[in-house]
Structure formats: C-alpha cells, structure tokens
Amino acid sequence: MEGFLNRYRSITVLLLVIFAQLILIAVRVKNKQDVRLIRVWSVTAVSPAARLLEGLRGGSIGFIRNYIMLHDADAENRRLRAENGRLKLDNIFLKNELNRADRAQALEMFQAHTASKMVAATIIMMGAGSNSKEVFVDRGSAAGVMRGMAVVTPDGIVGIVRAAYPTASEVLLITDPDFAAGVISQKTQVRGTLKGDGTPMCKVDYVSSEDKLERGDWFYTSGDDRIFPSGFPVGVVMSLRPGQPFQEILVKPAGLERGLEDVLILTEAVHQDIPDTPVTNQPIFLAPPPPNANPPVTDLQPAAPGTEADKLRALYKSVGEAQNHTFGEGLPGSKPPDFSKLPVGPGAGAGGQNAGAGGQGPGAGGQNAGVGSQPAPAPPAAREQGPAATTGTGGQPPVGGTAPAKRPEPAKKQEPQPLAPGPRPPASGPQPPAVRRTNQVAGAPGGPPHQ
C-alpha cells in the first residue's frame, strides 16, 4: 500500500485536492430550491441504506408480534365467538318475549271485549304428515277443554278441538277437508257452509246462484253449527264463480293470515252481533286545513229548477209567499194571490213566456190574465166549460187579441155579472178534476162553486 502511494503520489494528491475542492463548492453552492449541494448529496447517498434498515426492523418486529407473542390468539377468538353467539341468542329470546307480551296483551284485550269465556293456549307442535292440518296446544282437559270447543284468535276463527288429552289438545284447522262450520255474509246476510279445501284457502258451499255476493265481502260465523258462536270473523271472499245450483266461493281465512302461535279456546260460547263494517277498516285521520286555506262556504244558494214547469211553479210559489198565501190551504171563497204582479223577464212563465202585462199566464181561477196578447190554450176539460173559462176580467176577451172561436152556448146561459172588489168566485157548475187541479196550481180555491 505504501509503495502504491509512493508510486502514484502525484495522482493521489491531485484527486484529494479535486475532492476537497468539490466539497468546498458543494458547501457554498445552493440549488434552485435554496438547498446546499452537500446536503442533497448526503441525503441521496444515505436514503437507500436507511430504507433498507427500516424494512429489516419493521419486518422483524411484526414477526415477533404476530407469530411469537400471539400464542393464545386462537383461544381468544374462540371465546369471542362463543360470547357473540350467546348475545345473538339472548337478542332473539328477548324479541320473542316482546312478541309474546304483545300477543298476550292483544289476547287479553280481546277477552275483555268478548262475552264468551276463553282459555289461552300456545301451539306446541304440528300434526304428523305432510298434508296434516292439525296442531297441538298446551291446554287439555285439566284446564276445562273439551272435544268440540271452538278455537279462535282476535283475527278470526282457527279450528275446532278434535281431541282433548289431560295436558294437551288436538285442534283441527279450518283448512282441513273434514272441517265445516256455518257462516253468513256481512253485507247481504247470505248463509252458507264453510269447508276446508286442503289449501290455504277455504270454500263456502250451498250458496244459491241467485244470492248477491261480491269480491271483498266478509263472512262471519252464523252460530247454526252449535260450535262457533255468531259474530266471529271468518274471512274475506277472494273469488266468485257462478255454478248450478250453487256458486263456487273461495274465502281467505283471517285467523290464519298472521300465523299461529297463541290461540283462544272458547269454554263458554256467547253469541254476538255481526259488525256493520269489516274488521279491517281502520279510522282515517284527517289533518286540519292549512291556515291560508279559503273557509268553506256554508250559505250555498239552492240550485235553480231545471224544467220550465219547475221555474213556473217556483215563480208562483214566490209570489204566494210574498203575499202570505199558502197554496192548498185556502178555504172556499178566500182571496187568491194577485198574479198580476208577476215579474216580467225571460223564463218567468212556462215555455219562456212572460206572465204579466203583454204576456200569457194563468190568473185566478185558471183564467188568462194577459193584456194585449192571445190567451193560452185551455186544457180539454176547461174548454168544455164554455166561454167563461177563456175570457178575461168581466167575461170579455183580452184587449188587442184575437177572440176564440164561438162555441155552442149551453141551454141556460147566465149573464156575466160585474165583479165586486174582492176574490173572484170560480165558474158556475161542477169543475172536472183536470180543471180543479189546474186552478189549484194557479192558486185558485178548488172548493164547491158559489152562486
């Protein structure tokens, strides 16, 4: 080594001088980011080594933590899994208890509002067989249950006790083909027999084709079977098919719609009335109107009459009320209302004619009271009375009009008498019913004639 330095002493000295010069330049010179070059070179040279050392340190520490120090992690995981499962079971149990409390409260409220005596029971198992429609409950003969008792829920009937054992009872559901019960419709009071169909639906037999039923009608127990008391809901009609001689009716049972967990066994049945509205109808809440809404109009005017006859009748009635006259109650000889004060305007008379001066309209006693126009044609019964029924005041034809055609005078002709102030007596002689009705509509009395 010493020989090498002695041999290349000049070159070595030159390299050392150049390196020292570079060091001095790097210390004094800065780059564009105002960082000295010596610092940039130092960081660049040390960074790979520091990164390698940090990777070796982190890997060794992670190995020690994950594989050497966690020797009991598997046992801790098993303990946590067991605790999690126990908490899930407790949660499910509490939910079931809450549902049971809600069902018990519903059953208690149903018992309080029903006159029949009941025993609460819980479904404990299902009957054997794939097509079995039987269940077993935890109440038997020791609790007073007997064969043939009805089984219901607050939603509707469920079945009938088929056999009673000391600590349990067998219940035949209403969907079993062997089940039958008397039912009656709510709306039309149509009676029939409910039978099981082996499916989730039931059928109602022996309903005549002439009986009126609709989809959505409710059936209730009728009490005819001496098992179910009357008034318990059965189900709603889902389909109707005409048949001879009976209709084909399918009913969806209401008691089995929400499943079976708790039921009520009727130990003493009491008949009750069928409600007027279906059990599924609920009251509807109506919020108050907004403050800026228009107030409802209470003083509505009555609708105007539609026909001309109604308009004419309303016109005469208003004139009579203005003169304190009640049509149909005036005695013979009483003063009729003055129809000469009828308002003049379109639609005031029948057929759009004005009932006043210059128009046509019935007057007192069914006579024409128009002036300067032709008289209205009298009915056939009135034409038989002679000219007295078609003349104006004082028995003369209307002024400015055309006199009616002359008719043969009767054998005894009475001279017209001047009218005195007061009510005008009706024409002499008995009046036919048609004329009397016409006079009564116009306001003239329809009593016996005055001489």
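Every number in this text was worked out from the coordinates using simple rules, so none of it is lab data. The structure displayed is predicted, hence computed values, not measured ones. Note that each Cβ is placed from the backbone with ideal geometry, even for glycine, and that neighbours are counted across all protein chains shown.
Listed cross-link partners Lys133/Lys212; Lys311/Lys335; Lys117/Lys252; Lys133/Lys203; Lys203/Lys252 are compared with a 20 Å cut-off, the Cα-Cα value being larger for Lys133/Lys212; Lys311/Lys335; Lys117/Lys252.
Once the chain from Val40 to Thr188 is taken as fully extended at 0.36 nm per residue, the excess over their C-alpha distance is 43.1 nm. Just check the stretch 191-258 against the gyration tensor rule for me: Cα atoms, a ≥ b ≥ c as the square roots of the eigenvalues, rounded for a/c under 1.5, and otherwise prolate or oblate depending on whether a/b exceeds b/c. Note, shape of the stretch 191-258 comes out oblate. The calculated FRET efficiency for the pair Leu70 and Ala101, based on their C-beta separation and a Förster distance of 51 Å, comes to about 0.65. Shown for Tyr316, Tyr67, Tyr206: other C-beta atoms within 10 Å of each C-beta, ranked fewest to most, produce the order Tyr67, Tyr206, Tyr316. Overall, the anisotropy analysis places the stretch 35-112 in the oblate class: the square-rooted eigenvalues a ≥ b ≥ c of its C-alpha gyration tensor yield a/c not less than 1.5, with a/b not exceeding b/c.
Under the definition of Cα pairs under 8 Å and six or more residues apart, what whole-number percent is the relative contact order of the stretch 117-268? Walk me through the numbers before you get to the answer.
On the way: 409 pairs, mean separation 39.0, N = 152.
Computed over the stretch 117-268, the figure is 26 percent.
For the stretch 117-268, the spread of Cα positions along the three principal axes, ordered from largest to smallest, is 48, 33, 24 Å.
Here the residues Lys203, Lys335, ranked from fewest to most Cβ neighbours within 10 Å of their Cβ, fall in the order Lys335, Lys203.
Applying 1/(1 + (r/R0)^6) with R0 = 45 Å to the Cβ-Cβ distance of Ile124 and Met238, what FRET efficiency is obtained, to the nearest 0.05? Spell out each step's value before the answer.
Working: r = 31 Å, r/R0 = 0.69.
It comes out at approximately 0.90.
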